[in-house]
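The values are calculated or read from the model by the stated rules, or taken from the named source; none is laboratory data. The structure presented is a predicted model; accordingly, all values stated were derived computationally and were not measured. Heads up, the Cβs are rebuilt from the backbone with ideal geometry, glycines too, and the neighbour counts pull from every protein chain shown. To get the accessible areas, we keep the full protein, side chains included, count just its heavy atoms, and leave off ligands, DNA and RNA. Shrake-Rupley method; radii C 1.70, N 1.55, O 1.52, S 1.80 Å.
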Amino acid sequence: MNPAQYKHFAVVDYVIFALLLAASVAIGLYYALSGGRQRTTQEFLMADRSMHCLPVSLSLIASFQSAVAIIGVPAEIYAHGTQYWFIGCAYILGLLIPAHVFIPVLYRLHLTSAYQYLELRFSKTVRICGTLTFIFQMVVYMGVCVYTPAFALNAVTGFELWGAVLATGLVCMLYTTIGGLKAVIWTDVFQTVVMFAGQLAVIVVGVQRTGGVSEVWRKVLEGNRISGVDLNPDPTERHTFWTLGVGGVFLMLSLYGVNQAQVQRYLSARTERQAVRSCYMVFPSLQLALALSCIMGLVMFARYCGEDLVMVIFLAQMVLYFVMDMLQDLPGLPGLFVACLFSAALSTISSAFNSLATVTMEDLIKPHFPSMSESRATLVSKALAMSYGLICLAMAYLTHLMGDSVLQVALKIFGVVGGPILGLFCLGMFFPCANSTCSICLVNKSQSFIRFVGQSGHSICLVGGMMQQSETRVCHIHCPVECGDHLKDNGRTRPTTESRQWSVARLNNTFI
């Protein structure tokens with residue numbers, strides 16, 4: 001974006017953003033100086049297994065609701081309609097199964113790392129395999145999570161890119177290192193409230209300035225942005241009920257059933273019943289978060305449909321442009337939404353720091369140093385959390401060097417890792433006859449297949465010149481329906497006849 005077209009922050013916006021960071025550090029300091037003062041690994045990594053269901057449930061939603069989602073979901077709805085909203089149907093089974101299958105098994109074993117189960121069920125080799133794949137997954141993803149909101153903010157407002165990245169990464173590293181899991185959970189609670197408040201403020205002002213609810217509804221109907229249930233079984237469609245409803249269940253299971261960042265929160269609950277309740281309580285919060293993001297996308301469409309703006313931007317930056325456009329003359333509200341955006345980033349990467357320190361300590365270090373004292377183990381755990389914070393900043397810089405395509409790469413890595421690890425846990429729990437050899441074979445074959453699907457799709461799209469760029473497609477902000485003939489048919493992408501021929505490489509991304 002041309003610097004002359006930047007939207008600018010008022011002083012109060014900077015103050016609100018600074019208050020978010022200060023409050024997060026204050027919570028970390030409180031838990032560093034209270035209670036047991038983070039002197040044991042049980043307190044630092046597991047919050048003394050004393051947490052109640054409400055803070056645990058809010059922490060679970062905060063960890064899931066990354067800044068990538070807050071930016072990406074409204075842009076998806078803006079460009080392609082409400083079909084994506086049907087992923088909310090997957091939340092039902094995606095939370096019921098973890099609550100009644102995974103949580104009871106893992107909680108009763110009194111584990112610290114979810115991957116300890118893999119050694120108990122299979123072998124130490126399988127445990128190490130699971131740990132290393134999780135580390136690889138989270139290290140890549142947390143770099144994207146901290147860089148994406150800073151990049152979008154810089155592109156729209158001119159806000160210093162690396163200032164935002166460093167502030168987010170260093171503040172998160174500080175309160176995670178000194179306050180442990182208790183600080184992470186309670187900052188997640190605070191940040192969840194900020195996230196919901198920021199999105200709600202933008203929606204209310206956006207609806208009012210677009211002409212009211214009826215006018216928004218009229219425009220999104222005329223623009224074919226309200227999608228019905230699409231029961232098309234074709235897996236190459238962008239989104240259908242089956243790819244979102246079925247694929248979404250497996251996505252939820254990989255996140256809420258076996259992902260260490262979420263499992264660690266279940267295991268920090270005071271009782272198994274509290275852990276199960278926290279999983280149930282996530283459901284309404286997830287539905288609310290999804291609804292707010294989707295409604296924001298519809299309001300964005302209603303606001304800009306039919307208008308010609310003398311600028312060209314990426315859809316990934318569209319949300320920030322919309323926010324600054326709507327709230328520019330309301331000092332404080334742009335800062336509130338930016339606080340919302342960076343709250344999502346902080347909650348995601350703080351969960352990553354703490355869970356990565358936990359699996360590294362429990363799965364890779366303690367087995368080789370069984371006589372390590374408790375004080376030494378706690379100190380090493382804190383050093384690991386700090387080290388992963390520095391790695392996060394390095395990954396943010398690598399993200400910057402790789403450009404926009406890194407987002408697609410990171411999300412595919414999430415699929416390549418999350419699916420096989422879920423399969424590994426399911427193999428152990430549901431197939432008593434499976435052994436270590438079967439489990440390693442499962443991981444290798446499934447990862448090879450998913451890598452083939454992802455890489456083939458990337459190559460074929462590049463060769464054919466038809467790469468879908470819902471996140472990075474440059475678009476003159478006119479009515480989005482006119483940005484290209486492919487944005488037709490009830491708001492879903494409809495490629496040309498040549499690109500519609502079936503290929504394993506075009507399988508829907510939800511399955512990848």
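What the table shows:
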read-out: For the stretch 1-110, size of Cβ-based charge dipole, Lys and Arg +1, Asp and Glu -1, in debye; value: 260
read-out: Cα pair count fraction exceeding 23 Å, expressed as % - the stretch 129-283; value: 63
read-out: P(r) histogram, all alpha-carbon pairs of the stretch 313-370 included - 5 Å bins from 0, percent; value: 4, 16, 15, 14, 11, 9, 8, 7, 7, 5, 3, 1, 0
read-out: Per-pair calculated FRET efficiency, R0 = 51 Å: Phe369 and Tyr14 via Cβ, rounded to 0.05; value: 0.65
read-out: R0 of 35 Å, Cβ-Cβ distance Ile128-Leu288: FRET efficiency to nearest 0.05; value: 0.35
read-out: For the stretch 87-208, alpha-carbon Rg relative to the globular expectation (2.2 N^0.38 Å, N residues); value: 1.41
read-out: Bins of 10 Å from zero: percent of alpha-carbon pairs in the stretch 36-136; value: 11, 28, 35, 20, 6, 0
read-out: Relative packing of peptides 57-66, 372-381 - highest average C-beta neighbours within 10 Å first; value: 57-66, 372-381
read-out: Extension reserve of the Tyr30-Leu398 stretch, reckoned as 0.36 nm per residue once the Cα distance is removed; value: 129.1 nm
read-out: Cβ charges +1 (Lys, Arg) and -1 (Asp, Glu), total dipole of the stretch 79-226, debye; value: 340
read-out: Around Arg376: net Lys/Arg minus Asp/Glu count, Cβ-Cβ under 13 Å; value: +2
read-out: Debye equation applied to the C-alpha atoms of the stretch 155-197, log10 I(q)/I(0) at 0.29, 0.34 Å⁻¹; value: -0.94, -1.01
read-out: Solvent exposure of the stretch 204-272 as accessible area per residue, Å², 1.4 Å probe; value: 39
read-out: Mean shadow area of the stretch 80-155, taken as a quarter of the surface of its Cα convex hull (nm²); value: 7.9
